[in-house]
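Student: Here it is, the structure, as structure tokens.
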Amino acid sequence: MTEGSRAIRWSRVLLVLTTLAPLAVFVGIAGMRLGVWDWQIGYSVLTLQVGLALAALGTFAALGGVIVALGEPRARLMALGGVILGGATAGLYGLHLSQTGVGILSASATSVPAQATTALTDPPVFTGALADRRQAASAAEATVFQTCAATTVPTQVAPGAAAYALEQAGFEVLGFGVARADGTREGTWFGFVHDATIRIRPGATDVRVASREARDDGGEACRLVTRIVAELQPGA
């Protein structure tokens with residue numbers, strides 16, 4: 001075997017290594033969507049543990065591909081593909097972890113879903129169809145809430161305005177009427193669900209958001225509360 005053919009073979013191997021992390025994420029998501037396994041396997045294990053390790057491996061593989069291509073011009077196209085795929089994968093992992101604040105260990109199961117509210121001393125209660133959905137999903141209730149920058153909306157908004165705020169924040173409105181509006185939001189990739197309820201009372205409007213999965217959501221519940229509060233402000 002000539003040096004050139006050996007370099008081509010190694011370039012192919014290194015390029016394949018850069019595809020392993022995206023493949024692990026795809027398998028994790030597909031399994032969750034098809035009901036083969038739960039989020040603890042698909043997200044916590046396959047994506048944040050296996051996938052992250054493979055992303056690191058892919059980064060080194062991309063670097064190796066560049067080194068191999070220095071001595072074999074025919075391997076440069078594969079090296080370029082490895083750099084693009086490996087770099088994009090590493091970048092997406094870095095972006096996800098920085099935005100969510102979720103680490104490998106913090107993605108594991110907790111005792112209760114993450115929750116946030118604008119009324120810490122008297123949080124709104126999930127009722128009706130939304131409460132039924134949470135019960136069917138075995139979503140436990142929490143007594144401790146995330147601390148958010150959002151504050152209680154200082155006005156008594158109309159139920160229609162509350163429903164519109166939920167819709168603008170990315171929630172599917174399940175219903176609204178006298179004194180409340182309810183909605184649910186499913187994540188694009190992994191299908192993680194957050195539920196929201198808006199309680200309307202004289203002089204004030206309170207918001208509560210809770211995830212259904214008993215996991216650290218990286219502050220997503222708090223960000224959603226803040227988004228809903230922003231949409232409820234006059235003139236929003």
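The values are calculated or read from the model by the stated rules, or taken from the named source; none is laboratory data. Treat the numbers as computed from the prediction; the structure is a model and nothing was measured. Every residue, glycine as well, gets a Cβ built from its backbone with ideal geometry; the counts of neighbours run over all protein chains shown. Heads up: the accessible areas ignore ligands, DNA and RNA and are worked out on the full protein's heavy atoms, side chains in. Shrake-Rupley method; radii C 1.70, N 1.55, O 1.52, S 1.80 Å.
Student: I'd like the full set of residues that are open to solvent by 30 Å² or more (accessible area, probe 1.4 Å), touching a helix residue (DSSP H, G or I) at 6+ places or on another chain (Cβ under 6 Å) and closer than 17 Å to GLY65 by Cα, limited to the range 15-47.
Tutor: LEU15, LEU17, LEU20
Student: Which numbered condition trips up ILE104, out of (1) touching a helix residue (DSSP H, G or I) at 6+ places or on another chain (Cβ under 7 Å); (2) among the β-branched types (Val, Ile, Thr); (3) open to solvent by 60 Å² or more (accessible area, probe 1.4 Å); (4) at pLDDT 90 or above?
Tutor: Going through (1) touching a helix residue (DSSP H, G or I) at 6+ places or on another chain (Cβ under 7 Å); (2) among the β-branched types (Val, Ile, Thr); (3) open to solvent by 60 Å² or more (accessible area, probe 1.4 Å); (4) at pLDDT 90 or above one by one, ILE104 breaks only (4).
Matching residues to (1) among the polar types (S, T, N, Q); (2) within 25 Å of LEU95 (Cβ to Cβ):
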residue	(1), (2)
LEU15	no, yes
THR18	yes, yes
PRO22	no, yes
PHE26	no, yes
ILE41	no, yes
THR47	yes, yes
THR59	yes, yes
VAL68	no, no
GLY71	no, no
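Student: Let me ask something additional. List pairs: first in the range 176-195 and without any contact (Cβ under 8 Å) to a residue 40 or more places away in the chain and within 22 Å of GLY31 (Cβ to Cβ), second open to solvent by less than 50 Å² (accessible area, probe 1.4 Å) and of a type in the set (Lys, Arg), Cβ under 9 Å, 6+ apart or cross-chain?
Tutor: HIS194/ARG212
Student: Can you find, within the range 86-101, the residue that is least open to solvent (accessible area, probe 1.4 Å) among those that are assigned to a helix (DSSP H, G or I) and modelled with pLDDT under 85?
Tutor: THR100
Student: A further question follows. Hey, which of the helices (runs of 4 or more DSSP H) in the range 126-236, taking only ones fully inside, have at least 1 residues that are buried (at least 16 other Cβ atoms within 10 Å of the Cβ) and among the acidic types (Asp, Glu)?
Tutor: 220-232
Student: Answer yes if at least one residue in the range 56-79 is over 21 Å from ARG9 (Cα atoms) and open to solvent by 20 Å² or more (accessible area, probe 1.4 Å), and no otherwise. Steps first, please.
Tutor: As a first pass, look at the range 56-79 and keep what is over 21 Å from ARG9 (Cα atoms): 56.
Checking which are open to solvent by 20 Å² or more (accessible area, probe 1.4 Å) leaves us with 56.
Yes, because at least one residue in the range 56-79 is over 21 Å from ARG9 (Cα atoms) and open to solvent by 20 Å² or more (accessible area, probe 1.4 Å).
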